[in-house]
Amino acid sequence: MHITDIETFVVGVPDNAPGGRYFIFVKLTTDGGVTGWGEAYGASFGPKAMAAMIEDVASRHLAGHNPHNVEAFFRRCYSSGFTQRPDLSMMGCYSALEMACWDIVGKEAGKPVHALIGGRVHEALRSYTYLYPADGPIYPDETSGKTVYNDPDLAAENAVRWVEQGFTAVKFDPAGPYTQYDPHQPLLTDIELSAAMVKAVRAAVGTRADILFGTHGQFTPSGAARMARAIEPYDPLWFEEPVPPDMPEAMAEFAAKTSIPVATGERLTTKYEFARLLALDAAQIVQPNCGRSGGIWETKKIAALAEVHHALVAPHCYCGPVVAAANIQVAASTPNFLILEAIKDWGGFHAELLKKPLKLEDGYTIIPDEPGLGVEPDEAVLRAHPYDGDKLHLGMAATPVQP
């Protein structure tokens, strides 16, 4: 068995649907006609460039090879062009292709991927969602007035709505802007708003749900510590990505200053970057995204490294349903799994993209038992929603924060 064909799909996300501007999917086909699906978590280049890079990586390092041999495939990609160092864009390409290989392997074996990488250790997966607004824009601008992102009362109401649907954890990130010029010291007004938001949500949900405090690497270690002191009384489950991901030593400095567990990892890739983080005791919760971290097998290795350090795994997902499916397969077989990021209840556009949507019941994602990743994208829907723009999947503000 070997790979004979590859096709990429850049799918535009409708306005007011979460997950980013677009999703990048890949479809592999073997000489026996078996297909496998993967997805890249968008990196530093535009969607057309990323799709072309995925195709280039596949033609150089995967075409003609057996999809079972993911270790050798990883070494070819990791060493491509005389590199042998973590590279976000290469690993985004590799991750998409690697999870497609596992989809094929599972289908050939007639088994879900989790049965092939250690077996299921969880019956269902505790999940959380952001406090996405019930209606209105997902990405409000500065003129939008009160929203769930900046108003404690609206955030509390929204949190109760999700908790009443069964979620036992909710996440939000009211800590102010993140820019190309970070890290910065938080403004006193941002600290005040963050504390008010966390206080209101805690009062509304009580002990029915954990609070996940999200930031995006915008603070210095001392600035993050000031923010942490303000929200510590409300016992968040984690403080996410307090400082930029480029200096784990800075994150370790912050971690030593707070009682709140530190979570990070969506912008890291491969076991090498996560190993540095864990060796420094910089985080107690790691958040690999299978569309960037190195795919399924590499993420299992990351989880094993975390297990050695008594750290927990909370897979990140701000992308499409194929990455979500890969995250689910890894989480199902990971003893030190903590919680899974869900996009709302996996409904909306995420459900439309799949022939059989992912399922969430009482705050728990149901683990598919179908062979492979357990999901099958609907190609007609993929083709009906092409993304023709040139923007990046996500971005940052272009101007510094001014006091």
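Among residues other than residue 379 with Cβ under 15 Å from its Cβ, the summed charge is -3 (Lys and Arg +1, Asp and Glu -1).
By the rule of a C-alpha distance below 18 Å, with chain neighbours fewer than 8 residues away ignored, the lysines paired with residue 27 are 48, 107, 355, 356.
Close amide H partners of residue 217, meaning residues 5 or more places away or on another chain with modelled amide H under 5 Å apart, are 243.
Only one of the values (1) 43, 25, 20; (2) 51, 24, 17; (3) 33, 22, 21 was calculated from this structure for semi-axes √(5λ) of the Cα gyration tensor in Å; name its label. It is the one labelled (3). Under 8 Å for C-alpha pairs, at least 6 residues apart: give me the relative contact order for the chain, rounded to a whole percent. Relative contact order of the chain: 22 percent. Measuring nothing but how far apart in sequence close Cα pairs (under 8 Å, 6+ apart) lie, relative to its length, the stretch 199-331 scores a relative contact order of 18 percent. Taking chymotrypsin sites (Phe, Trp or Tyr not before Pro) in DSSP loop states with no more than 14 other Cβ atoms inside 10 Å as exposed sites, the chain has its longest site-free stretch at 182-403. In this label model, residue 161 and residue 124 are separated by 2.2 nm, measuring between points 7 Å along each Cα→Cβ vector.
Each helix, a run of at least 4 DSSP H residues, gives -39500 (n - 2.57); summed and divided by the residues of the chain, these come to -11000 deg cm²/dmol at 222 nm. Under a 5 Å amide H cut-off, with hydrogens placed 1.01 Å from N, residue 210 pairs with 169, 170 among residues at least 5 apart or on other chains.
Neighbour counts of other Cβ atoms within 10 Å put 83, 270 in the fewest-to-most order 83, 270.
Please identify every one of the GluC sites (Glu not before Pro) in the stretch 60-116 that sits in a loop by DSSP and has no more than 13 other beta carbons within 10 Å of its own beta carbon.
Nothing satisfies the criteria.
Between the amide H of residue 344 and those of 130, distances stay under 5 Å, these residues lying 5 or more places away or on another chain, with hydrogens modeled in the peptide plane.
Extension gain for residue 138-residue 396 works out to 91.3 nm (0.36 nm per residue, less the C-alpha to C-alpha distance). Residues 302, 231 in ascending order of nearby Cβ atoms (within 10 Å, fewest first): 231, 302. Shown here for the stretch 302-402: trypsin sites (Lys or Arg not before Pro) in loop regions (DSSP other than H, G, I, E, B) with at most 15 other Cβ atoms within 10 Å, namely 355, 359, 391.
Across the options 100, 130, 119, the greatest Cα extent toward the positive end of the charge dipole of the stretch 99-174 (unit charges at beta carbon of Lys, Arg, Asp, Glu) belongs to 119.
Could you tell me whether the stretch 17-116 comes out rounded, prolate or oblate from its Cα gyration tensor? Rule is a ≥ b ≥ c as square roots of the eigenvalues, rounded for a/c under 1.5, then prolate if a/b exceeds b/c, otherwise oblate. It comes out oblate by the Cα gyration axes.
None of the figures in this text is laboratory data; all of them are computed from the coordinates on show. Everything numeric in this text was worked out from a predicted model, so none of it was measured. Reconstructed Cβ throughout: ideal geometry from the backbone, glycine too, with neighbour counts over all protein chains shown.
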